[in-house]
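Here's the structure, in structure tokens; my notes come after.
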Amino acid sequence: MRKIIYGPPGTGKTYYLMNELEKILEKVEPSKIGYFTFSRNGAQEGKNRAMDKFNLTEKDLPYFRTLHSFCFNILGLKKENVMQEKDYKDLGRDLQIEFEGVRYDHDHEGILHSKDPYIS
């Protein structure tokens, strides 16, 4: 079963999903359930609530993570294996495209910015 929930912060997405998870756990092992978000904070919040509500451990919930970390994990990649800011600078120099840089913050993976409309 697949369920996709979209909505801005504070609209009850996690609350709703925990109620759905309660039904699913009657039939499916927690280690077989995927809970994916765009942000690290969202993934951690879902994991913490599930652990508290259902008396689970982090080990029980290997697929409560961000989409990026799930894909990296499946592909066996680490952050160092994909393009970094230096790589974009080198590529930009070679292609004569100005990249404004790659931004990182605590909650999201790197985001590339460019004034070039084809890159953006």
At q = 0.18, 0.23 1/Å the base-10 log of I(q)/I(0) from the Debye formula over the alpha-carbon atoms of the range 13-75 is -0.59, -0.95
How high is the relative contact order of the range 13-75, in percent, with contacts defined as C-alpha pairs under 8 Å that are six or more residues apart?
39
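None of the figures in this text is laboratory data; all of them are computed from the coordinates on show. A quick note: this is a predicted structure, and the numbers were derived from the prediction, not measured.
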